[in-house]
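So the structure is just underneath, and the comments pick up after that.
The values are calculated or read from the model by the stated rules, or taken from the named source; none is laboratory data. Quick caveat, the model's predicted, so the values are computed rather than measured. Ideal geometry is used to build each Cβ from the backbone, glycine not excepted, and the neighbour counts take in all protein chains shown.
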């Protein structure tokens, strides 16, 4: 029996669902009680029990009720009956009977941007990395920094937050039901799990939260045993009575994104807007944005990366973290005979030390994002198939129930450069790998309009923009603290089974690799791609399983590169694998300038030492 099955009638595992559902309504009576809120009065609790709530949760709920003034409260427990009630509420609001069979709604629109996320902290240094990158000249190596990736979100002062909070949330749930949802990122009760509560008036967010994280009644027990949990508040901002048209006709312009504030010190998330909860961005708000700050305090990392399982012909498997701006599926990997490369999780990883090894786990069930089919596509508003994607939920697909995750043997950063960045580069140490990854720059296509002629011509060209650690999202706290935390993660943690501390040696962190499949000569790609993409992972597998074997490696001042690769196509490998000294001296100089600009006086001392050592080695 699954955890979400009814313990009385075993719904939905039985065949006669309608009949059993009717019987169960008499066996398990509906619970109704009333909540008395100071300065507000009585408010009905239509489902759930107030005894589930700890004093900390009740206090936070009272504050939200006074501010948002809902008409009723629904305390969720993750049951299958609750899921059907949510589907019915969505179908009744939008007038679509088809929505009653959904497991998840995915809105395919342009989501909120970097400028819509704000960080509220006691110390402003914790929210800002330093000075923003200026507009640089064409000979700077990072030319026309218009498309530069923002390192951090905007700092929000206390007065500004209180003003925005009052403006956006005061009475925002008039005439609506307030849902109180418990969720756990990671296995419930795990040493690495993070629990939280979500307050919202959007049933779509509640339904999506159930398939992204773990929403079960047992989460209330863990919330009662701790005061350190995430407090998240969201409202779609449409109090009843609604006096304006919402859904018809569908606007042609991109909808305005959500307003999100991260209160790091209080572990709170305040979100306001229609799109929050209906795009995959809401999951990253918790598992990346909020968890990054929590991991910094507790000694683990939250990153945008995939977990790969690489199996050799002898059926021996290792796991790798793979960070890239593109999905793993875009590589179209076709391993050789006996080899197998599987994607354990695709988007989010939490990395920590356990028993002398570095482990990675996926806190959210992100495997369902690409499981749509033409039969499962619909639009809540117009019936078109381009807006909403119905997705199935299968948490048993991978390592969903693993407590600590899987041990990782290496970390791969898949760069995208059209210059002389090598095809494969293995950093000499964890510190050097972190330094190169923190200042990583990627090539993007820039379209420049030529106004000299009567016709407008777009000439694409590649420019380099900074993208530290290949994070597509803002870091949401000080860049200097973020990089320093990466350095600290390289310090191995002793295994709990170690008996003697006198002979103890810190375990080494996994190696860091960099790949680049986009080198060009005269505007043409050198790397053939296709089936040969898997050869890169086979080489990395050999380096991770037998690091002392240097027979197929060539040392250089910046790291190790392979001597040869068993490729199926005729490729001129030397240009792909060479380490050009002049190129790397220029690159290190750019790194130094970037770090000094972004971190100023907070520059970690390890960075300066690593840059000096690398320049000396070259």
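Is it fair to say residue 594 is assigned by TED's automatic domain parsing to the domain that holds residue 437, touching a strand residue (DSSP E or B) at 6+ places or on another chain (Cβ under 9 Å) and assigned to a helix (DSSP H, G or I)? Criteria met by residue 594. The set of residues in segment 562-591 that are in a helix (DSSP H, G or I), in contact with a helix residue (DSSP H, G or I) (Cβ under 8 Å, 6 or more places away or on another chain) and under 25 Å from residue 534 (Cα atoms) is empty.
Residue 532 meets the stated requirement of being under 16 Å from residue 414 (Cβ atoms) and either free of Cβ contacts under 8 Å to residues at least 60 places away in the same chain or assigned by TED's automatic domain parsing to the domain that holds residue 421 (or both). For residue 349, are the conditions met, namely being in a strand (DSSP E or B) and in contact with a helix residue (DSSP H, G or I) (Cβ under 7 Å, 6 or more places away or on another chain)? So residue 349 fails the test. Screening residue 93 against (1) within 29 Å of the chain's Cα centre (by Cα); (2) modelled with pLDDT under 90 leaves a single unmet condition, (1). For segment 427-443, filtering for residues that are surrounded by fewer than 23 Cβ atoms within 10 Å (Cβ to Cβ) and either over 18 Å from residue 325 (Cβ atoms) or not assigned by TED's automatic domain parsing to the domain that holds residue 513 (or both) leaves 5.
For every residue, the table says whether it meets (1) touching a strand residue (DSSP E or B) at 6+ places or on another chain (Cβ under 9 Å); (2) modelled with pLDDT of 90 or more.
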site: 212; (1), (2): yes, no
site: 230; (1), (2): yes, yes
site: 233; (1), (2): yes, yes
site: 246; (1), (2): no, no
site: 256; (1), (2): no, no
site: 267; (1), (2): yes, yes
site: 270; (1), (2): yes, yes
site: 283; (1), (2): yes, no
site: 293; (1), (2): yes, yes
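Number of residues in segment 216-231 that are surrounded by 24 or more Cβ atoms within 10 Å (Cβ to Cβ) and within 18 Å of residue 277 (Cα to Cα) equals 0. If you filter segment 271-294 down to residues that are surrounded by fewer than 23 Cβ atoms within 10 Å (Cβ to Cβ) and either closer than 20 Å to residue 167 by Cβ or outside the structural domain of residue 210 (by TED's automatic domain parsing) (or both), you find that the one that is nearest to the chain's Cα centre (by Cα) is 275. Applying the condition of being at pLDDT 90 or above and assigned to a helix (DSSP H, G or I) to segment 164-202 and asking which residue is surrounded by the most Cβ atoms within 10 Å (Cβ to Cβ) yields 169. Of the residues making up segment 323-351, not one is under 26 Å from residue 486 (Cα atoms), more than 13 Å from the chain's Cα centre (by Cα) and at pLDDT 90 or above.
May I ask you to say which residue of 428, 476, 454 is modelled with pLDDT under 85 and closer than 26 Å to residue 349 by Cβ? Among 428, 476, 454, only 476 is modelled with pLDDT under 85 and closer than 26 Å to residue 349 by Cβ. Taking (1) more than 24 Å from the chain's Cα centre (by Cα); (2) surrounded by 18 or more Cβ atoms within 10 Å (Cβ to Cβ); (3) at negative phi; (4) modelled with pLDDT of 70 or more in turn, residue 58 satisfies each apart from (2). Scanning segment 530-551 for residues being surrounded by 14 or more Cβ atoms within 10 Å (Cβ to Cβ) and in a loop (DSSP other than H, G, I, E, B) gives a total of 1. Filtering segment 391-405 for residues that are at pLDDT 90 or above and surrounded by fewer than 17 Cβ atoms within 10 Å (Cβ to Cβ) leaves an empty set.
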